[in-house]
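What follows is a set of notes on a single structure, which appears directly below.
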Amino acid sequence: MRELPRAARMSSVSDQLNTVRWKKFGKDRLYVNTSEGSRVGFHDLLTGEAVIELDEHAEAFHLAVASWMLARPSDEARPVRATVDEVGASGEAVGSDDDGAEAEGEVVVDPEAVPIPEASISDLVAPPSWTDLAHNAAGASARREATRQRQAAPVRTLMSRALGLRTDERAWRIGAGGEEKVAAQLAKLAKRDKRWRYLHAIPVGKKGSDIDHLVVGPGGVYSLNAKRHPGANLWIGGNTFMVNGHRQDYVRNSRFEAERASRLLTASCGRQVHVMGVIVPVDAKSITIKSAPTGVGIVNRMGLMKWLAERGTILDEKAVDLIFEAARRSTTWET
């Protein structure tokens, strides 16, 4: 029997999936299930994050989500906000998340009914001249770029995913996932040792550059560059970094990023701040380090927490506080 083309097979599989939109407790998700009722995963309409539970249906999942979005005007797929009763004293939505619910409906919170934190009131009177980067989510810059490219060419993105083509949108999306995985390791480190602090997606300058993660703690200051290559073979020899036999500029870029971060933090703190660049491979099949590059670390994601914890004590508590307070201010990085 003649085998159907890949695009036709994917379209056939996606037709067998059901999509259900669920909006409650401040969440807005599109759930994708098989015809038998098994959950394939869900797409968060607020953040654009996709959570896939059945990997064998991953491509059909993306196709089903894209088809759902293309069939609706943008205003119909807008996010839902929580009811006043579902908003706690902190201003955040509360309540249990019943993933099995299918209820829909949109209500708007009365701004006067939601308590405003004291800091927010003072900000209205005298807004700060800088943005606190401690609120940045891991992979935020990469996800924004992936979303921008997807919205600019939704049909092309849909077909590229169905055909398994490598596109810039896919690269940004995979990269964001890698940053989120590295962030999870940093969260575990900080939970174990509260002296460690970290920031994500730090915008540097005005040309779109950013630092994936900056870590500050007793063991020093590190700029982490997450590199996600699922199933790839990595080979490192000095300044040479190879991914499946293809040379990448990761070492040079990491070294430059760390040197620039050192200059900016030194200027902001009024004292010398040394920053070491670290490349963090994510989901690679193998990592072979023939010889380590000078001044740049190569640390697998799963070994990152242990590696940082073993850096010893280079900075005291006052130095950590000083550097982190400078790092979290957006003005520090506006070269």
Take the residues in the stretch 119-142 that are more than 20 Å from Ala187 (Cα to Cα) and surrounded by 11 or more Cβ atoms within 10 Å (Cβ to Cβ); name whichever of them is modelled with the highest pLDDT.
Thr131
Matching residues in the stretch 262-280 (in contact with a strand residue (DSSP E or B) (Cβ under 7 Å, 6 or more places away or on another chain) and either outside the structural domain of Thr294 (by TED's automatic domain parsing) or part of a helix (DSSP H, G or I) (or both)) number 2
Residues (crowded, with 19+ Cβ neighbours inside 10 Å and part of a strand (DSSP E or B)) located in the stretch 281-296
Pro281, Val282, Val296
So which residues in the stretch 17-49 are touching a Pro at 6+ places or on another chain (Cβ under 6 Å) and assigned to a strand (DSSP E or B)?
Asp28
Is it fair to say Thr313 is surrounded by fewer than 17 Cβ atoms within 10 Å (Cβ to Cβ) and in a strand (DSSP E or B)?
no
Right, Thr331: of a type in the set (Ser, Thr, Tyr), out of contact with any helix residue (DSSP H, G or I) (no Cβ under 7 Å at 6 or more places or on another chain) and at negative phi or not?
yes
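The values are calculated or read from the model by the stated rules, or taken from the named source; none is laboratory data. Computed from a predicted model, the values in this text were never measured in an experiment. Reconstructed Cβ throughout: ideal geometry from the backbone, glycine too, with neighbour counts over all protein chains shown.
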